Amino acid sequence: MRIAHIINPFQPPSSSDLNFAQQVTFETIRKARKEASGIVDIEVCCVTYPEDQQIIPNDFVALPYLQQSVLNKCSFKVPRKLPLIAEILNVAYHRVEADFYIYSNIDISLYPNFYLKLHAYLNQGYDALIINRRRIKPLYHSLDDLDLILQQPGKSHPGFDCFVFHRSLYSKFFLGDVCIGVPFFEISFSQNLFAYSKKLNWLQDIDHTFHIGMEIFKRRQPKEYVAYNREQYYLVINKIFPDLEIQNIPFSDSPILVRFFKWGIHPCFPIRLMLLLQLKAWGIDYRKNLGSI
């Protein structure tokens, strides 16, 4: 089994917590790759802009540079060169032949047995995985303390930030011009997996990945970028809606009131979308207006 792990390193401001978070990500990837050596073929692929080349570790693979960003798609009062998830995946897909691809956010680190556990899941016939992280307290600020970092029990986090999918699924995806780094990226990606995977496993509250920091939602989200990604999300959902079925959505096997309660408290299951899928399953006209999903 060959797995390509796709990440998007970048050079953050010197004052940013992401400087240390990225170093932890790089080092934990190395540890997990070493742990899986001889069992799983792991290729770590970095897709970046030219100005971020210097951040790529020498033992990771540097793929061709990104050519576009969200700034090519829309005008913003405060320019932020955020990559498009479709371009990141496209670069990796066409440059690296793998059975499975992983995409994880750059501030998501791995526990040492990550790839081994992944290998075990995929050998059970899953063609897609969504892996929730654990959040741990920012008590340490040196790689010398990595063992102590890994020993923290942490707490669960509801958001989606690590996705695994079989190569055969990629050609079916539609991700529009959704950018990473702001909300509606994770919903757009996960709904594609719900639409096109044949056997998906959502791994929650488990020691596979972690993030340094206890926050659940990022503070001070740039409103204009959130609005942009929301509109892109609507385009994504309208495009893939015919391929979405309620029975492929997590919690759909629960009683109807229970499932809608669970969807309602989770950020990646918009209630309007779930209602429309339920109406679709009941054979009721559901496509009068999808614009405000």
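Scanning the stretch 212-223 for residues that are more than 17 Å from the chain's Cα centre (by Cα) and either surrounded by 14 or more Cβ atoms within 10 Å (Cβ to Cβ) or not charged (D, E, K, R) (or both) gives Gly213, Met214, Gln221, Pro222.
It is to be established whether one or more residues within the stretch 187-202 are assigned to a loop (DSSP other than H, G, I, E, B) and not polar (S, T, N, Q). Steps first, answer last, please.
Just the residues of the stretch 187-202 that are assigned to a loop (DSSP other than H, G, I, E, B), to begin with: 197-199.
Filter once more, keeping what is not polar (S, T, N, Q): 198-199.
Within the stretch 187-202, one or more residues are assigned to a loop (DSSP other than H, G, I, E, B) and not polar (S, T, N, Q).
When the stretch 57-72 is limited to residues that are closer than 16 Å to Glu224 by Cα and not β-branched (Val, Ile, Thr), the one that is surrounded by the fewest Cβ atoms within 10 Å (Cβ to Cβ) turns out to be Asn72. Among the residues making up the stretch 164-201, those that are aromatic (Phe, Trp, Tyr) and more than 25 Å from Lys117 (Cβ to Cβ) are Phe174, Phe184. Exactly one residue out of Leu175, Leu169, Leu143 is touching a strand residue (DSSP E or B) at 6+ places or on another chain (Cβ under 7 Å) and either surrounded by fewer than 20 Cβ atoms within 10 Å (Cβ to Cβ) or closer than 23 Å to Trp263 by Cα (or both), and it is Leu169.
Consider the stretch 44-56 and keep the residues that are surrounded by fewer than 17 Cβ atoms within 10 Å (Cβ to Cβ) and touching a residue at least 40 places away in the same chain (Cβ under 8 Å). The one that is farthest from Ile149 (Cα to Cα) is Glu51. Beta carbons closer than 9 Å, at least 6 apart along the sequence or on distinct chains, pair a first residue in the stretch 161-190 that is closer than 23 Å to Arg230 by Cβ with a second that is among the basic types (Lys, Arg) and surrounded by 19 or more Cβ atoms within 10 Å (Cβ to Cβ) for Asp161/Arg133; Cys162/Arg133.
Which condition number in (1) outside any helix (DSSP H, G or I); (2) at pLDDT below 95; (3) not polar (S, T, N, Q) is the one that Phe251 fails? All conditions pass for Phe251, except number (2). The set of residues from the stretch 44-76 being among the polar types (S, T, N, Q) and assigned to a loop (DSSP other than H, G, I, E, B) comprises Thr48, Asn58, Gln67, Gln68, Ser69, Ser75.
Okay, residues lined up against (1) buried (at least 16 other Cβ atoms within 10 Å of the Cβ); (2) farther than 27 Å from Ile187 by Cα:
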site	(1), (2)
Met1	no, yes
Asn8	yes, no
Ser15	no, yes
Cys74	no, no
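Taking the stretch 204-236, which residues are in a helix (DSSP H, G or I) and basic (Lys, Arg)? Within the stretch 204-236, Lys223, Arg230 meet the criteria. For the stretch 84-122, the candidate set comprises residues that are hydroxyl-bearing (Ser, Thr, Tyr) and more than 16 Å from His208 (Cβ to Cβ); within that set, the residue that is farthest from the chain's Cα centre (by Cα) is Tyr93. Can you pull out the residues in the stretch 22-43 that are of a type outside the set (Val, Ile, Thr), buried (at least 16 other Cβ atoms within 10 Å of the Cβ) and either part of a loop (DSSP other than H, G, I, E, B) or in contact with a Gly (Cβ under 8 Å, 6 or more places away or on another chain) (or both)? Result: Ala36, single match.
The values are calculated or read from the model by the stated rules, or taken from the named source; none is laboratory data. Everything numeric here is computed off the predicted structure, so don't read it as measured data. Note that each Cβ is placed from the backbone with ideal geometry, even for glycine, and that neighbours are counted across all protein chains shown.
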